[in-house]
Amino acid sequence: MPYTYYVPVTSDEHYLYASELAEMFGIYTVNGRPHTQLVSAYLTSLELFEQAAPLFYPTKHGLRRVFRDGANRMELLVRKLKEQPDEIKTMTFPNGKIFKVKLKSKEAGA
């Protein structure tokens, strides 16, 4: 059975959680919660394609996933979602996973 270990990485940049990125870009579930699953799946797929190692930040509840350059990468996702005319947008990943999304603009109070 293989074991996974993590080494610390030091950076002057502040990397964000999926929940922070979802709120920042107005990406919400149909029920109105920040769509962390979609954000995480999207950014993870980009990291896998680039063969980049995932990053985790130690919190009082254990390690929590953070994303390098997440804000810049999210702009492309939001542009793709805005191309869909419906209020509830869908995003399908190559593995067949489908996410339903509502976008909220910052002007609308989100």
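Derivation of every value follows stated rules applied to the coordinates shown; laboratory data play no part. Bear in mind that the values here come from a model prediction, so they are computed numbers and not experimental data. No Cβ is skipped: glycine too gets one built from the backbone with ideal geometry, and neighbour counts run over all protein chains shown.
By the Stokes-Einstein formula, at 0.890 mPa s and 25 °C, the range 45-110 with its Kirkwood radius over alpha-carbon pairs has D equal to 170 µm²/s. The H on the amide N of residue 15, modeled in the peptide plane, is under 5 Å from the matching H of no residue at least 5 residues off or on a different chain. Computed from backbone phi, the HN-Hα couplings of the range 93-101 come to 9, x, 7, x, 5, 10, 10, 9, 9 Hz, rounded to whole numbers (Karplus: 6.51 cos²θ - 1.76 cosθ + 1.60, θ = phi - 60°; Gly and Pro given as x). Find the all-direction average of the projected area of the Cα convex hull for the chain, expressing the result in square nanometres with one decimal place. Taking a quarter of the hull surface, the average projection is 9.1 nm².
With the contact rule set at Cα under 8 Å and sequence spacing of 6 or more, what percent relative contact order holds for the chain? The normalised contact order for the chain reaches 30 percent. Springs between alpha-carbon pairs under 10 angstrom, Gaussian network model over the chain: which of 92, 29, 44 fluctuates most? Maximum fluctuation in the GNM of the chain, among the listed residues, is at 92. In this Cβ point-charge picture (+1 for Lys and Arg, -1 for Asp and Glu), the range 1-82 has a dipole of about 300 debye about its Cα centre.
Counting other Cβ atoms within 10 Å as a rough exposure proxy, the listed residues 30, 7 run 7, 30 from fewest neighbours to most.
The lysine pair tally for the range 18-105, using Cα distances under 23 Å and a gap of 8 or more places or different chains, is 13.
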